[in-house]
Amino acid sequence: MKMLKSILFSVMMLCVSIAYAGQVNINSASAPTLASELTGVGDKKAQAIIEYRQKNGPFRSIEDLQNVKGISLKTIEKNRKNIEL
């Protein structure tokens, strides 16, 4: 029973942290901000977003993130409500 309570508490805390993810402007956010605020985006993918942006200019749509190696439509859909241009 104690283990079940511990698991439930952990799941609740995870849900709370996901619910409070902030808005992220993919055209101006730093790599640490991208990595911390976007689900499924770690340091490596965040750096790839920055490099793509520097090479190709600002993103014109959220879907343009698919052009970044390692960013899938699934990742975009998970984060769509937190992404802004």
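Remarks
- Under 14 Å, Cβ to Cβ, from A46 - net charge with Lys/Arg +1 and Asp/Glu -1: +1
- Residues whose placed amide H lies under 5 Å from that of I83, excluding near-sequence neighbours: V24
- Around Q23: net Lys/Arg minus Asp/Glu count, Cβ-Cβ under 14 Å: 0
- From most to least packed by mean Cβ count within 10 Å, the peptides 31-41, 59-69 give 31-41, 59-69.
Every number here is computed from the coordinates shown, using simple stated rules; none is lab data. These figures come from a predicted structure and were not determined experimentally. Cβ sites come from the backbone with ideal geometry, for glycine too, and all protein chains shown count toward neighbours.
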